Amino acid sequence: MLAFIIKRLANAVFVMLSVTFLAFVIFRFVGDPVDQMLNEQATQEQRDDLRERLGLDKPFLVQFTTFVGRAATGDFGISFRNQRDVLDMIAERFPATFELVLVATFISLIVGVPMGVITAIKRQSWYAETMQFTSIIGISLPSFVVGIGLILVFSVWLGWFPAFGRGDTVDLGWWTTGLLTPSGRMSIVLPALSLSLFQITLVMRLVRAEMLEVLRSDFIKFARARGIPARSIHFRHALRNCLMPVVTMTAMQIGGLIAFALVTETVFQWPGMGLLFIQAVTFVDVPIMAAYLCIVALIFVVLNAIVDMTYAVIDPRLRGAEK
Amino acid sequence: MKFSRKLQSVTLGGLTAVLLATSSSAETVRWGAPRDIVSLDPYSYGDSYTINFLNNIYEGLVRYNRDLQIEPALATSWEVVSPTTWRFTLREGVKFHDGADFTAEDVLASLQRVTDETSPLKGNLPAYKSATVVDDYTIDIELNGAYPLLLNDLTNIHIFDKGWLVANNAEKPTDVSAGVEGYATFNTNGTGPFVLESRTPEAQTILNVNENWWDEPKHNLTRVEFQPISSAATRVAALLSGEVDFVDSAPVQDLPRLEAASNLKVLERTDLRTVMLGFNRRDELVAGGENPLNDLRVRQAMQLAVDMDLIQQKVMRGKSRNAGLLVAPSIPGYSEELDTPAGYDPEKAKALLAEAGYEDGFEFDFVCTNESYVNEEQFCQAIASMWSRVGLNPKLDIGPTAKQTPKRANGKADVYTLGWATLPMLDTYSILVQVLHSKTGNSGVFNWGDWSYPELDKLTQSAAVELDRDTRLQMETDALKIAKDEVIMMPLHQQPMAWAVSNAFSDFPQFPDNKPRMWYVTK
């Protein structure tokens, strides 16, 4: 088991290094931060001087190793544009993104699981067909279109929810939450809904497929033969057997949602990490871009490692394969 | 039912709610901005949007009035003692927001901070050499040469309190390369009409009125809530749903809809920014081969082949102003006489090309960005197709600014777009020295095509040290005439700008430099 964990950790470090390296390769093509940092009146000499002080004139490999060396000690530098500590900026925005993702995941389970069950047990009914059909829309509409649509209907026409922002937040010292204030709760509805739409479809389709599989299995047939009521069979016995893959998928998707939230955050001006990243790209704010990519990669790596290790604990065959 | 729901959502709408509840006693402007300010430190980043916003909190020695004329602010008067020494008399009785008195020491500390080696705004005060405090309310500014535009530059140099800077270890600007944060990035202490209450980056920055402001307020606001909303569609939605009551960047395509809303008014005019095309003037084109763009007839032909009226009507929806000169009408140095657009004459364009020996056209790179200027992608496409019609073969290359700028700056573009507003200087000298002058020493930073016109350079250099305003402006106009005759750059138009505000405001002046100034707003 120890060897397995060490191996997983080594893999994780390798993945992180590769992501950082790729990120640095990409940065060379996004443009020159100095052009954006100085205004129209700055002279050529001032431009060259700043470029030199930032180390941007150094060869690629030197810049990369300096960055990795510093990042290993948790020092990502300060933002070119905002002149603030990059880790602080990300830490300040992480709660917003994480709350949005959690609420979106919650919505997708609450809505997606029952829909999946219904479409599996009432396959021929018109409403199951309708759900199946609408889920295609959910999966194929780009999220910015969904976001703008929601804003138009619920903010401009009906005036029920705010169109942008996070509302009032409560500062708990290490975490700011919008879920404890009425305005914060109202503000999260539209962005979470827009982010969860894709997830709902995914959960629904997964549950449906699993349910169809389980409903064909022998123990369900026995249960039916024993005269157990249909509702109990469907929701107690069959559904429970479907949930394992759903939980795994949901956990793995949290990383994806954190990365994916940037479109939703831009549309709703949600002050999260994605919005920070988008702006950093526009202004070629290299320290923020680098730190963001590293942290998102870290979240993916950690989530995957946890899932893998849990599997290894549950399934002894996986442990054996490592020998 | 509908009403109570709406009321509930407003009450729950948080910030919005607090305001509405108190709006009877307080005059608040809720400002939906296209972007956030980058920092609370006015010397942090060469960004005029941030500097302008911070002008609500901080002030300079001089400022622009409603007509964009320079008027006294923290300085009450000034005199040119010798061509390189200016003496400023400072206003007495001014207090910083923390109660400290404003004196000449504060001016000195601020000037030293902004001109520090590591200051990104050093270029905003190019002529500064040193300053000497004469007494508490008099300061001499020493320049490194005769320089007529000192006052223009000083409008953008905000004054800090020396004691506050020293106490918080912020006498030097924040140096990003050192990797250490600065106190002034998070805190403010100015003399301006508004005081900072709180700031949450990307969410909101709140200002309250400064009851102890030295000047007689021309506004009646008590509170400014600045909320960035970067998505244009969301910004418009927030305005329509009443969550904000002012946006300073309304998308051109949404204007009819905003105009139709009964509770809003749209403010439109053309910007100071002139959008133009530049030409590669090196010996070879980017793709190799002899460069036809060095032939004046070719450049004239390219100008005549573009139907700017059509672009004005179709692409810019009638909102832009076609330009015949490289600066806008309100910029000193502009001449109405010279501002005659070249016109549209494809036959003559073809004839000129044939005369120059290019009747079969030639291929060149045409580099545009997709977001720098209003509807840039569309007008670039239109221009490219108009050029194709006279037989040229432009290869249109559109991408984000951050990606296109290195291409243009490194000579990897044959024809490119550039917009120049002469900000923050507001004088033709800005475009002459930065764009049109040969790339030598500190001049011609934006001379991306690498041309050289000695006569123009000479006029620019003379204008730089000419203290007589009329003589200097004549030199600048003469230089602009050379640029026009030689088609060094091809002016397109002054782009439109649009703000939209709630009808609740009785006075909301719109400035051609596209900077909202809250101290002129009445609700």
(Q) Can you give the local net charge around residue A:74? Use residues other than it whose beta-carbon is closer than 12 angstrom to its beta-carbon, Lys and Arg +1, Asp and Glu -1. (A) -2
Q: Within a 10 angstrom radius of each residue's Cβ in B:114-127, how many Cβ atoms of other chains show up on average? Whole number is fine.
A: 3
**Q.** Given B:458/B:484; B:122/B:403; B:458/B:481; B:484/B:515, the pairs whose alpha carbons are separated by over 21 Å
**A.** B:122/B:403; B:484/B:515
Q | Equivalent ellipsoid semi-axes, segment B:52-146, via Cα gyration tensor eigenvalues times 5, rooted, Å | A | 20, 17, 16
Q) Shape call for segment A:1-106 from the C-alpha gyration tensor, a ≥ b ≥ c root eigenvalues: rounded (a/c under 1.5), prolate (a/b greater than b/c) or oblate? A) oblate
Q. Can you tell me the Rg and Dmax of chain A, counting just the alpha carbons, in angstroms?
A. 24.1, 87
Q. Under 16 Å from the Cα of residue B:218, which aspartates and glutamates turn up, not counting those fewer than eight places away in the same chain?
A. B:27, B:59, B:67, B:71, B:507
(Q) Can you compute the helix-only [θ] at 222 nm over chain A? Use -39500 (n - 2.57) per DSSP H run of at least 4 residues, normalise by all residues, nearest 500 deg cm²/dmol. (A) -24500 deg cm²/dmol
Q) Using the per-residue mean of other Cβ atoms lying within 10 Å as a proxy for protection, in what order, highest first, do the peptides A:266-273, A:298-305 fall? A) A:266-273, A:298-305
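With the Cα gyration tensor of chain B giving a ≥ b ≥ c as the square roots of its eigenvalues, does the rule (a/c under 1.5 for rounded; else a/b larger than b/c for prolate; else oblate) give rounded, prolate or oblate?
oblate
So how do B:135-148, A:58-71 stack up, highest first, on mean other-Cβ count within 10 Å?
Numbers: B:135-148: 16.8, A:58-71: 13.8.
Most protected by this proxy first, the peptides run B:135-148, A:58-71.
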Q) Once label points are set 7 Å from the Cα along Cα→Cβ at both residue B:370 and residue B:439, what is their separation, rounded to one decimal in nm? A) 2.8 nm
Q: Among A:15, B:413, B:147, flag the residue with its Cα farthest along the positive direction of the charge dipole of the protein assembly as shown, charges on Cβ as +1 for Lys/Arg and -1 for Asp/Glu.
A: A:15
Q: Can you tell me how much longer the chain between residue B:462 and residue B:132 gets when fully stretched, taken as 0.36 nm per residue apart minus their C-alpha distance, in nm with one decimal?
A: 116.0 nm
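What FRET efficiency do you get for residue A:75 and residue B:66 if R0 is 56 Å and r is their Cβ-Cβ distance, rounded to the nearest 0.05? Write out the running numbers ahead of the final one.
Numbers: r = 48 Å, r/R0 = 0.86.
Working from the Cβ atoms, E equals 0.70.
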Q. Under a straight-distance cross-link criterion of Cα-Cα below 14 Å, which aspartates and glutamates are reachable from residue B:407, leaving out those fewer than 8 residues away in the same chain?
A. A:32, A:35, B:365, B:397, B:450
Q) Quick one: Kirkwood hydrodynamic radius for segment B:363-459, alpha-carbon pairs, angstrom, one decimal? A) 14.6 Å
Q) Which FRET efficiency value, to the nearest 0.05, do you get for residue A:137 and residue A:251 by plugging their Cβ-Cβ distance into 1/(1 + (r/R0)^6) with R0 = 35 Å? A) 0.85
Q: Can you tell me the dipole magnitude for chain B around its Cα centre, using point charges on the Cβ only (Lys, Arg +1; Asp, Glu -1), in Debye to the nearest 20?
A: 1620 debye
Q: Using θ = phi - 60° and the Karplus relation 6.51 cos²θ - 1.76 cosθ + 1.60, list the HN-Hα couplings for segment B:462-470 in order, rounded to whole Hz, with x at every Gly or Pro.
A: 5, 5, 4, 10, 7, 8, 7, 4, 5
Q: Excluding residues fewer than 8 places away in the same chain, name every one of the aspartates and glutamates whose C-alpha is closer than 12 Å to that of residue B:350.
A: B:359, B:360
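Between residue B:355 and residue B:166, what length in nm is gained on full extension when 0.36 nm per residue of separation is reduced by their alpha carbon distance? Spell out each step's value before the answer.
Values: separation 189, 0.36 × 189 = 68.04 nm, distance 6.82 nm.
Going from the current span to full extension adds 61.2 nm.
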Q.
Using +1 at the C-beta of Lys and Arg and -1 at the C-beta of Asp and Glu, which of B:426, B:495, B:452 has the Cα lying farthest in the positive direction of the dipole of segment B:373-523?
A. B:495
**Q.** Taking chain A and dividing mean pair separation by its residue count, relative contact order in percent (alpha carbons under 8 Å, at least six apart)
**A.** 27 percent
Q: Determine, at each q value in 0.11, 0.14 (inverse angstroms), the log₁₀ of I(q)/I(0) that the Debye formula gives when each Cα of segment A:176-323 is one equal point scatterer.
A: -0.67, -0.92
Q | FRET efficiency, 1/(1 + (r/R0)^6) with R0 25 Å, evaluated for residue B:216 and residue B:77 via beta carbons | A | 0.85
Q. Within 10 Å of each Cβ of B:33-44, how many other protein chain Cβ atoms are there on average?
A. 3
Q: Please report, to one decimal in angstroms, the Kirkwood hydrodynamic radius of the protein assembly as shown built from all distinct Cα-Cα pairs.
A: 30.0 Å
Q: Filter the GluC sites (Glu not before Pro) in segment B:189-267 to those in DSSP coil with at most 16 other Cβ atoms within 10 Å of their Cβ, and list the result.
A: B:211
Q: Starting from the coordinates of the alpha-carbon atoms of segment B:389-523, obtain the Kirkwood hydrodynamic radius over all distinct pairs and give the value in Å to one decimal.
A: 17.7 Å
Q) Other chains near A:43-52: what is the mean number of their Cβ atoms within 10 Å of each residue's Cβ? A) 5
(Q) Can you bin every Cα-Cα distance in segment B:320-393 into 5 Å intervals starting at zero and give me the percent of pairs per bin, rounded to whole numbers? (A) 3, 13, 17, 17, 20, 17, 10, 3, 0
Q: Write down the percent of antiparallel bridges among all DSSP beta bridges whose residues are both part of the protein assembly as shown, to the nearest 5.
A: 75 percent
**Q.** segment B:436-523: relative contact order in percent, alpha carbon pairs under 8 Å with at least 6 residues between
**A.** 17 percent
Q. In the protein assembly as shown, what cysteines have no partner Cβ closer than 4.7 Å?
A. A:242, A:294
Q: For segment A:270-307 and segment B:391-414, compute the distance between their C-alpha centroids and round to whole Å.
A: 30 Å
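Every number in this text was worked out from the coordinates using simple rules, so none of it is lab data. Model, not experiment: these values are computed from the prediction. Note: ideal-geometry Cβ built from the backbone for every residue, glycine included; neighbour counts use all protein chains shown.
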